[in-house]
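Student: Here it is, the structure, as structure tokens.
The values are calculated or read from the model by the stated rules, or taken from the named source; none is laboratory data. Quick caveat: nothing in here was measured; it's all calculated off a predicted structure. Cβ placement follows ideal geometry from the backbone for every residue including glycine, while neighbour counts extend to all protein chains displayed.
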Amino acid sequence: MIVWMMRRAAILCNIGTRKIGRSASKNRSYPAVFGPFVAKDGGTDTTKYSPECIVCLIALVRETAGQRLRLELVAILRKMKWIPKGGLMSDEKSKVFLFNNSDSAVRAANESARANFRYFWRELAWERRRIVPGLNVASVKAPFRDPQPDTTSENPQVEHMWVGDVDFDGRRVTGRLLNQPNWLKTHHQDDPVTLTVEQISDWMYVCLGVVYGAYTVQLMRSRMSSNELQSHDAAWGLNFGKPGVVRVTQAPNKKTFLKSLFGSPGEDLSAEHPMAENCAPSIRNQLQSDPSLAHVRDERGWTQLHHFALAGSRVCVQAMLDFGADAAAKTDHGMTALDLARSLGWEDVTAALMRARGKGR
């Protein structure tokens with residue numbers, strides 16, 4: 001039924017397809033029909049949060065399909081009466097939760113999200129290497145304010161909102177605003193966004209329907225009544241787990257093909273990403289066949305050593321170093337692999353790169 005709906009939407013609505021992956025996936029495409037992920041919460045003075053449904057006709061579409069396309073799909077589905085006007089992903093005002101600025105639990109949730117941002121980025125970095133996408137959602141949350149706020153208004157002057165299409169270069173987090181602000185005047189849905197890690201207040205990704213991160217969401221879930229919690233989780237249609245308990249990362253699990261690629265819920269933060277463990281031998285084989293691959297740069301001047309360093313993969317970084325990758329090479333924006341590893345606190349990767357620099361590599 002899901003595949004039939006996906007094809008009908010793509011054919012009748014001329015949505016088209018979106019090519020994904022590289023090499024073997026060049027001739028593969030999937031309908032770009034991923035519904036918008038929209039969630040809102042409040043700011044420094046007040047925190048508001050409202051869940052919105054995710055319409056996902058197929059799980060094999062990246063969350064980076066583009067907000068504009070998602071909004072077009074919503075309009076199409078409403079026109080076809082697959083979702084009611086004012087129903088799923090409603091444009092109506094949603095329930096708002098207000099929090100005092102002195103709420104220590106909210107501040108602690110924000111700090112924990114920033115401290116563990118590297119695990120969000122690691123997952124997103126590996127997602128970009130998958131032929132078959134595994135993430136339904138990958139977004140960060142940050143506070144936004146108007147440059148010249150209306151101090152006479154009783155409305156919150158800060159809104160924490162979600163940012164999608166996330167990228168990170170070791171210094172700046174970039175993306176596009178997923179929310180339409182309730183009160184701010186100078187920010188708009190789909191605006192380009194540039195942040196530092198220190199400005200992030202939360203992050204969240206969803207793999208195989210399981211939610212990771214969402215620190216502020218879990219805090220709010222822990223304060224909901226049983227009826228509110230049931231309504232919240234039903235609206236999202238995702239597995240949030242126990243209220244107040246944050247899943248940070250996934251653990252390798254080789255019992256099934258999908259779990260060997262994407263992992264399963266786990267909290268061994270020192271473990272390699274499951275894809276790193278699986279890919280490291282093939283990376284070595286490729287480098288053995290063609291050592292020049294260790295020096296190839298992309299359009300931003302990044303080698304694979306840079307990418308693996310920022311993603312925190314010691315085994316892949318070591319493979320690159322063993323086949324002659326230059327640990328002193330800089331990206332176009334002036335960062336070495338060591339700089340990138342340090343930017344997210346990947347201690348084991350940092351140690352490997354420092355040893356390589358000591359040997360003059």
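Student: Hey, could you check region 89-127 for residues that are under 18 Å from THR216 (Cβ atoms) and among the polar types (S, T, N, Q) and say which is modelled with the lowest pLDDT?
Tutor: So in region 89-127, the residues under 18 Å from THR216 (Cβ atoms) come out as 94-117, 119-120.
Add one more test, that the residue is among the polar types (S, T, N, Q), and what stays is 94, 100-102, 104, 110, 112, 116.
Details: SER94: 49, ASN100: 64, ASN101: 62, SER102: 72, SER104: 92, ASN110: 95, SER112: 97, ASN116: 97.
The selected residue is SER94.
Student: Another one. Just checking, how many residues over region 131-185 are over 30 Å from PHE308 (Cα atoms) and of a type in the set (Lys, Arg)?
Tutor: The qualifying residues number 2.
Student: Kindly provide the set of residues from region 321-356 that are exposed (fewer than 14 other Cβ atoms within 10 Å of the Cβ) and of a type in the set (Lys, Arg), ordered by number.
Tutor: If the condition is that a residue be exposed (fewer than 14 other Cβ atoms within 10 Å of the Cβ) and of a type in the set (Lys, Arg), then ARG355 is the only one that fits.
Student: So, of the residues in region 145-172 that are free of Cβ contacts under 8 Å to residues at least 40 places away in the same chain and under 15 Å from the mean Cα position of the chain (by Cα), which turns out to be surrounded by the most Cβ atoms within 10 Å (Cβ to Cβ)? Show your work before the answer.
Tutor: Taking region 145-172 as the starting set, the residues that turn out to be free of Cβ contacts under 8 Å to residues at least 40 places away in the same chain are 147-155, 163, 167, 172.
Add one more test, that the residue is under 15 Å from the mean Cα position of the chain (by Cα), and what stays is 163, 167, 172.
Values: VAL163: 24, ASP167: 12, ARG172: 14.
Filtering first and then ranking leaves VAL163.
Student: May I pose another question? When you go through (1) within 13 Å of the chain's Cα centre (by Cα); (2) of a type outside the set (D, E, K, R); (3) surrounded by fewer than 17 Cβ atoms within 10 Å (Cβ to Cβ) one by one for GLN180, which number turns out not to apply?
Tutor: (1)
Student: Quick check on my filter: what residues within region 150-178 are in contact with a Pro (Cβ under 8 Å, 6 or more places away or on another chain) and polar (S, T, N, Q)?
Tutor: Matches in region 150-178: GLN157, THR174.
Student: Oh, and also: Could you check region 279-309 and list, in sequence order, the residues that are surrounded by 12 or more Cβ atoms within 10 Å (Cβ to Cβ) and basic (Lys, Arg)?
Tutor: ARG284, ARG297, listed by residue number.
Student: List the residue pairs whose Cβ atoms are under 9 Å apart, where the first residue sits in region 269-282 and is free of Cβ contacts under 8 Å to residues at least 12 places away in the same chain, the second is crowded, with 18+ Cβ neighbours inside 10 Å and part of a helix (DSSP H, G or I), and the two are 6 or more positions apart or on different chains.
Tutor: From region 269-282, the pairs are PRO281/ALA319.
Student: Continuing with the same structure: Which residues, counting only those in region 180-235, are polar (S, T, N, Q) and closer than 26 Å to LEU124 by Cα? Spell out the reasoning first.
Tutor: Our first condition is that a residue be polar (S, T, N, Q); within region 180-235, this holds for 180, 182, 186, 189, 194, 196, 199, 201, 216, 218, 222, 225-227, 230-231.
Within region 180-235, GLN180, GLN189, THR194, THR196, GLN199, SER201, THR216, GLN218 meet the criteria.
Student: Let me ask something additional. Working only within region 299-334, note down all residues that are of a type in the set (Val, Ile, Thr) and in a loop (DSSP other than H, G, I, E, B). Show your work before the answer.
Tutor: Of all residues in region 299-334, those of a type in the set (Val, Ile, Thr) come to 303, 315, 317, 331.
Selection gives THR303, THR331.
Student: Would you tally the residues in region 332-347 being free of Cβ contacts under 8 Å to residues at least 40 places away in the same chain and either in contact with a Gly (Cβ under 8 Å, 6 or more places away or on another chain) or over 18 Å from GLN304 (Cβ atoms) (or both)?
Tutor: We begin by selecting, within region 332-347, every residue free of Cβ contacts under 8 Å to residues at least 40 places away in the same chain; these are 332, 334, 336-338, 341-342, 347.
Among the residues that remain, those that are also either in contact with a Gly (Cβ under 8 Å, 6 or more places away or on another chain) or over 18 Å from GLN304 (Cβ atoms) (or both) are: 332, 334, 341-342, 347.
Residues meeting the conditions: 5.
Student: Which of the residues belonging to region 234-259 are more than 20 Å from the chain's Cα centre (by Cα), under 20 Å from LEU269 (Cβ atoms) and either at pLDDT below 90 or surrounded by 18 or more Cβ atoms within 10 Å (Cβ to Cβ) (or both)?
Tutor: ASN253, LYS254
Student: I'd like the full set of residues that are β-branched (Val, Ile, Thr) and surrounded by 19 or more Cβ atoms within 10 Å (Cβ to Cβ), limited to region 103-144.
Tutor: Matches in region 103-144: VAL106, VAL137, VAL140.
Student: Being outside the structural domain of ASP298 (by TED's automatic domain parsing), in contact with a Lys or Arg (Cβ under 6 Å, 6 or more places away or on another chain) and either surrounded by 21 or more Cβ atoms within 10 Å (Cβ to Cβ) or without any contact (Cβ under 8 Å) to a residue 24 or more places away in the chain (or both) is true for just one of SER222, SER226, SER231, SER201. Which residue is that? Spell out how you get there, then give the answer.
Tutor: On the way: SER222 fails: in contact with a Lys or Arg (Cβ under 6 Å, 6 or more places away or on another chain); SER226 fails: in contact with a Lys or Arg (Cβ under 6 Å, 6 or more places away or on another chain); SER231 fails: in contact with a Lys or Arg (Cβ under 6 Å, 6 or more places away or on another chain).
Just one listed residue meets the conditions, SER201.
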